[in-house]
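The structure appears below as structure tokens.
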Amino acid sequence: MFAKAFRVRSNTAIKGSDRRKLRADVMAAFPTLGTDQVSVLVPGKEELNIVKLYAHRGDAVTVYVSGGNPILFEVEKNLYPTVYALWSYPDLLPAFTTWPPVLEKLVGGADLMLPGLVVPPAGLPPVQKGDLCAIALLGNRERGRLNLQQAPGSELSAQSLA
């Protein structure tokens, strides 16, 4: 989405009521985060800006920026963490691990397919179709990309073991 040029429409400081609403939205979207973690992610007194922009195709995107780093973005009323948020909270989303050569293809825009996954001994994470997932590089706990899960985890597990 952000690989091509985008146009900034506005960049404003967030109001107190919007900050509280954002905290509630984050807690609803990411139930694995505790109240203390949400308070750190969406700080109470520190600078927090809302940047409204248009992506190259004209999609309206709202980006929440804390301390100069984008932490969350919203597209069509759906809230997504950025890689900055995933670095701070690596367990925020279920993650799939892949190999370095596969990551190079993903950076180029390719989809992650089952043969590109590293299946841990515990199996693949339990996800459902449409769930947000993170992608991590083998040997590196930091997450580097978001992905919308296209098949239920149970199907992936059955396919990977076949």
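The values are calculated or read from the model by the stated rules, or taken from the named source; none is laboratory data. All of these numbers come straight from a predicted model, not from anything done at the bench. So basically every Cβ, Gly included, is an ideal-geometry build from the backbone, and we count neighbours across all protein chains shown. When the accessible area is computed, the model is the full protein with side chains, heavy atoms only, and any ligands, DNA or RNA have been set aside. Shrake-Rupley method; radii C 1.70, N 1.55, O 1.52, S 1.80 Å.
For this structure, a couple of remarks:
- Over the stretch 1-111, the alpha carbon radius of gyration divided by the compact-protein estimate 2.2 N^0.38 Å works out to 1.14.
- Computed lengthening from Asn140 to Glu76, 0.36 nm per intervening residue step minus Cα-Cα distance: 19.9 nm
- The peptide list 64-72, 81-89, put in order of mean Cβ contacts within 10 Å with the highest first, becomes 81-89, 64-72.
- The orientation-averaged shadow of the Cα convex hull for the stretch 47-148, equal to a quarter of the hull surface, comes to 7.5 nm².
- Between Leu114 and Gln37, the C-beta separation translates, for a Förster distance of 45 Å, into a calculated FRET efficiency of about 0.90.
- Label-point separation, Lys21 to Lys105 (7 Å along Cα→Cβ), nm: 4.3 nm
- Sorted peptide list for 109-118, 37-46, criterion being average Cβ within 10 angstrom, highest first: 37-46, 109-118
- The heavy atoms of Glu47 offer some 130 square angstrom of accessible surface to a 1.4 angstrom probe.
- In plain terms, the chain from Val8 to Arg57 could stretch by 16.3 nm, reckoned as 0.36 nm per residue minus the Cα-Cα distance.
- Aspartates and glutamates with Cα under 20 Å of Lys105, excluding same-chain neighbours fewer than 8 positions away: Glu142
- The stretch 27-81: C-alpha gyration tensor shape, a/c 1.5 cut-off, then a/b vs b/c: oblate
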